Amino acid sequence: MAARVPADALGRRVLCGTEYGTVRYVGGVPPTAGIWLGVEWDDPQRGKHDGTYEGKQYFKCRHPRGGSFIRPNKANFGVDFLTAVKNRYGLNDEQDVQHGTEDTFVFGKKTVEFVGMDSVAEQQRQLNQLVDVSVRECAVSHAGQKEEISRTCANIRHINLSKNLISSWDTVTAIASQFQNLETLNISENKMQFPSTSTSISSVLPRLRILALNQTEITWREVLLCAPGWPALEELYLTSNNITVLERPDNVLQTLKLLDLSDNQLLDGNQLHLIAHLPRLEQLILRNTGLSSIHFPDAGFGCKTKMFPSLKRLAINDNKISQWSSINELDKLPSLRSLQCHNNPLMDTEKNPDTLRQLIIAKISQLEVLNKSEILPAERKGAELDYRKIFGNDWLAAGGSWDPDKNKPSEEFLAAHPRYPSLCLKYGAPEEGELKAQQPLTLKNQLLTLTIKCPEKPEQKPVEKKLPDSMTIQRVKGLLYRLLKIPGSELKLSYESSKLEGKEVELDNDLKPLQFYSIENGDCVLVRW
């Protein structure tokens, strides 16, 4: 007997063995007899074609080999929520108790326990006693009979509905709205359709605090259309959704404390400005979002931004941030206390991780935790004093002075070191003795005559310069900025020595002096940008 095909089969999610897919076609495929389902598979390796058979296109696929035809009896269209709960917790009359396998689910750093039958077999024989439920990978596809859930198990507060066969947001609200006290809802890994217009008042989840929508293909606009239904939401997880552009939330998400946008390739750093006025947002997770820079244009050097007023914890790991200017910008955030920034190109500018950590601590005044490691007062003081001393000569060269009336460091210096004036206020300007200790005692004897070349700019003629071997790479870059009229931060320096025929040595640590690299008279410094 032929399998019955649901009337709404088109667009439904199906399971075939262990493979998930979406029905894109229902009907005949001549010259064969009978009904076929055209399925676009989540894993393109499962498919055979793009929906075209014998020259005729029956449906479309995103992947050229992502689709195939199967008979309806091979497709599992899933079960209703209550059936899944009964099966999962062994509460069907004809079944023995089944032991739970999915007992916990992690939302960010928090672990929410979904109690399996292992621990509640005796106490929770009645469905209406269930509070925490996990039906992950139980092929849930629809709500079932109207109001049957609310009559049977109305006390559920936490639901894990991840990786099921839910095809639309309407199905989610049909299930979730039957629980008046629902606090936690995880519907990740369900590829579904979301509303394209504002949602109805019947879909409001009044007590929902935590919502996970990872890997659901939701867009930010769709988030905003659904958000009126989450008036008390505090944590929203949206990882791996191909979200590229954001929009300003108007009168929604105002209670949000945590937002996770990891693994979405945002168009640029300016997208963050559109969510910068969420009043209660305390934690923003932006791992692997393609960020190359961060900028808060409403605030000048040493001032605080009005953006992200409550943000305490920021994660920007695994991005493309390469300039110290982005770290300087983070000091403008008024409430920032914790930063994670591993695996950015900036981290490769310092070979010594301790030096890198010191620089970040000195640049962000109120930071208390860096890369999950607490910053103790003594560490902060040491970092700030070192920073004040290391860049003291640059400060003087840029117009800084011990005389308050003459102390006018250049815009360029303040852009690179916006905290320097406040560090001088905190500890006093670096003393002349401190800075002189960095200078060679007999300057003349330690001057290096070097040739400066730009190998990628043949129109720039080589220049010969005499530089003290105690001069830091940072200061050399500052000099070259003025000499070649290019921003120092973008320069990449290396040198060639007659002793090292054909070999280039990178000058990759801005805080080290020329003598650290054993540069000698007559060597050639190569400048690239």
- Please work out the average accessible area per residue across the stretch 378-434, using the 1.4 Å probe convention, and give it in Å². 52 Å²
- Message: Taking 8 Å as the Cα distance limit and 6 or more residues as the minimum spacing, I'd like the relative contact order of the chain as a percentage.
- Response: 6 percent
- Cross-link partners among aspartates and glutamates for Lys320, C-alpha distance below 15 Å, same-chain residues fewer than 8 apart left out? Asp263, Asp268, Asp348, Glu490
- Item | Straight-distance crosslink candidates among aspartates and glutamates, where the alpha carbon sits under 13 Å from Lys332 and sequence neighbours closer than 8 are dropped | Asp298
- Query: Just the accessible area per residue of the stretch 447-528, please: how many Å² with a 1.4 Å probe?
  - Reply: 56 Å²
- Under a plain spin-label model, where a point goes 7 Å from the Cα along Cα-to-Cβ, how far apart in nm are Ser198 and Lys485? 5.6 nm
- Which of the lysines could a cross-linker span from Lys485 if the Cα-Cα distance has to be under 21 Å and same-chain partners fewer than 8 positions apart are dropped? Lys453, Lys457, Lys461, Lys465, Lys466, Lys477
- In whole Å and largest first, what semi-axes does the C-alpha gyration tensor of the stretch 447-528 yield when each eigenvalue is scaled by 5 and square-rooted? 17, 15, 12
- By average C-beta atoms within 10 angstrom, highest first, the peptides 149-158, 368-377: 149-158, 368-377
- Item | Unit charges on C-beta of K, R, D, E only; dipole of the chain, Debye | 740 debye
- Task: State the answer as a single residue: which of Ile159, Val245, Ala176 lies farthest towards the positive end of the charge dipole of the chain, with beta carbon charges of +1 for Lys and Arg and -1 for Asp and Glu, about the Cα centre.
- Result: Val245
- Query: Mind checking the alpha-carbon convex hull of the chain and giving the volume per residue in Å³?
  - Reply: 213 Å³
- Query: What does the convex hull of the Cα atoms come to per residue for the stretch 378-434, in Å³?
  - Reply: 75 Å³
- Query: To the nearest 0.05, how large is the calculated FRET efficiency for Leu435 and Glu217 if R₀ is 56 Å and r is the Cβ-Cβ distance?
  - Reply: 0.45
- Message: If R₀ is 41 angstrom, what is the calculated FRET efficiency for the pair Ala299 and Arg71, using the beta carbon separation as r and rounding to 0.05?
- Response: 0.05
- Query: Leaving out ligands, DNA and RNA, what percent of the accessible area of the chain is carbon and sulfur, probe 1.4 Å?
  - Reply: 48 percent
- At 0.36 nm per residue, minus the direct Cα-Cα distance, what do Ser365 and Gln129 gain on full extension? Give it in nm, one decimal, please. 79.9 nm
- Task: Please give the peptides 421-427, 282-288 ranked by average Cβ packing (other Cβ atoms within 10 Å per residue), highest first, as a rough proxy for protection.
- Result: 282-288, 421-427
- Just how much of Lys512 is accessible, in Å², when a 1.4 Å probe is used and the result is rounded to the nearest 10? 70 Å²
- Query: Can you pull the Rg over Rh of the stretch 158-218, Cα-only, Kirkwood?
  - Reply: 0.93
- May I ask what percent, to the nearest 5, of DSSP beta bridges between residues of the chain are antiparallel? 55 percent
- Item | Pair Asn242, Thr52: separation of 7 Å Cα→Cβ label points (nm) | 2.1 nm
- Query: How would you order 393-399, 246-252, 131-137 from highest to lowest mean count of nearby Cβ atoms within 10 Å?
  - Reply: 131-137, 393-399, 246-252
- Note on the structure: Checked the stretch 12-74 against the a/c 1.5 cut and the a/b vs b/c comparison, axes a ≥ b ≥ c from its Cα gyration tensor; verdict oblate
- Per-residue [θ]222 nm for the chain (sum of -39500 (n - 2.57) over DSSP H runs n ≥ 4, rounded to 500): -5000 deg cm²/dmol
- The relative contact order of the stretch 378-434, taking Cα pairs under 8 Å that sit 6 or more residues apart, comes to a percentage of 35 percent
- With all distinct Cα pairs included, what does the Kirkwood hydrodynamic radius of the stretch 164-280 come out to in Å, to one decimal, could you say? 14.3 Å
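The values are calculated or read from the model by the stated rules, or taken from the named source; none is laboratory data. Just so it is clear, the structure is predicted and the values come from calculations on it, not from any experiment. All Cβ positions, glycine included, derive from the backbone under ideal geometry; neighbour counts span all protein chains shown. Areas reflect the complete protein model, heavy atoms only, side chains present, ligands, DNA and RNA absent. Shrake-Rupley method; radii C 1.70, N 1.55, O 1.52, S 1.80 Å.
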